[in-house]
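The values are calculated or read from the model by the stated rules, or taken from the named source; none is laboratory data. None of these values were measured; they are calculated from a predicted model. Glycine gets a Cβ as well: all are built from the backbone with ideal geometry, and neighbour counts include every protein chain shown. Accessible surface areas use protein heavy atoms only, side chains included; no ligands, DNA or RNA. Shrake-Rupley method; radii C 1.70, N 1.55, O 1.52, S 1.80 Å.
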Amino acid sequence: MPRCNALTSSYAAGPSRHVGDTNMSATPRVHDVTDPSSSKPVRAMPLPDGDRRVSVIGDVQIPGGPLIPESELRWRYSASGGPGGQHVNTSNTRVEVVFDASASSALTDSQRELIVDRIGPVVRVVASDERSQWRNRQLARQRLGDRLADALAVPLQRRSTRPGRGALDRRQASRVQDQAKRAARRWTYDDDR
């Protein structure tokens with residue numbers, strides 16, 4: 001059995017390469033693979049050692065709402081702060097996604113109005129929790145969807161109703177019991193003898 005190549009990453013989206021494989025093309029090709037978190041096809045670019053790391057290029061699904069296309073999102077990458085040693089200084093792992101809700105064609109007029117009123121015309125989400133830019137992109141997409149879903153949530157109107165007969169009876173019994181308890185605590189002249 002061939003030994004596993006030391007350069008094979010845990011992020012491999014396809015079959016791993018082994019020492020002695022000669023099936024390495026000179027020009028990298030982009031492959032369609034499936035994103036495990038959403039089962040949507042995404043693009044993957046093979047690295048020189050044959051490993052394919054998935055770059056999530058996809059839409060943002062608002063839970064219970066519309067689908068925001070990738071073309072309406074702006075992504076920015078920068079160096080992340082915090083611990084991590086030299087990796088932090090050399091990698092742009094901090095991810096910021098910006099969504100212009102006021103100019104979005106994916107939202108209806110009422111949805112756009114709700115989002116603009118509640119969180120503003122431009123929604124900005126930042127993720128720098130992980131050391132991987134790819135994972136931070138996933139987190140940013142998820143947080144953007146959750147934030148937009150919260151803005152689109154319409155609270156149910158409370159309908160006032162009368163208390164039922166059982167509830168009234170329980171309340172009356174509770175009041176009578178409390179009155180008896182308070183009456184037992186009172187001092188009377190007869191208690192001194």
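Can you tell me which residue is farthest from the chain's Cα centre (by Cα) among those in segment 170-193 that are of a type outside the set (A, V, I, L, M, F, W, C) and open to solvent by less than 80 Å² (accessible area, probe 1.4 Å)?
Here is the first cut: in segment 170-193, the ones of a type outside the set (A, V, I, L, M, F, W, C) are 170-172, 174-175, 177-179, 181-182, 185-186, 188-193.
Next cut, open to solvent by less than 80 Å² (accessible area, probe 1.4 Å) only: 174, 178, 188.
Numbers: Ser174: 46, Asp178: 49, Thr188: 65 Å.
My answer is Thr188.
Given the criterion among the hydrophobic types (A, V, I, L, M, F, W, C), in a helix (DSSP H, G or I) and closer than 15 Å to Pro66 by Cβ, identify the matching residue among Leu168, Leu114, Leu107. Show your work before the answer.
On the way: Leu168 fails: closer than 15 Å to Pro66 by Cβ; Leu107 fails: in a helix (DSSP H, G or I).
Matching residue, one of Leu168, Leu114, Leu107: Leu114.
Assuming Trp134 fulfils every condition listed in (1) of a type in the set (Phe, Trp, Tyr); (2) open to solvent by less than 30 Å² (accessible area, probe 1.4 Å); (3) farther than 16 Å from Pro66 by Cβ apart from one, which condition is it?
Condition (2) is where Trp134 drops out.
Among the residues of segment 58-83, how many are over 15 Å from the mean Cα position of the chain (by Cα) and either outside any loop (DSSP other than H, G, I, E, B) or surrounded by 14 or more Cβ atoms within 10 Å (Cβ to Cβ) (or both)?
Our first condition is that a residue be over 15 Å from the mean Cα position of the chain (by Cα); within segment 58-83, this holds for 66, 69-83.
Filter again for either outside any loop (DSSP other than H, G, I, E, B) or surrounded by 14 or more Cβ atoms within 10 Å (Cβ to Cβ) (or both), leaving 66, 70-78, 80.
Selection size over segment 58-83: 11.
Say we look at segment 111-128 and pick out the residues that are over 14 Å from Val60 (Cβ atoms) and in contact with a strand residue (DSSP E or B) (Cβ under 9 Å, 6 or more places away or on another chain); which of these is surrounded by the most Cβ atoms within 10 Å (Cβ to Cβ)?
Only one residue tops the list, namely Ser128.
So which residues in segment 177-193 are at pLDDT below 90 and acidic (Asp, Glu)?
Correct list: Asp190, Asp191, Asp192.
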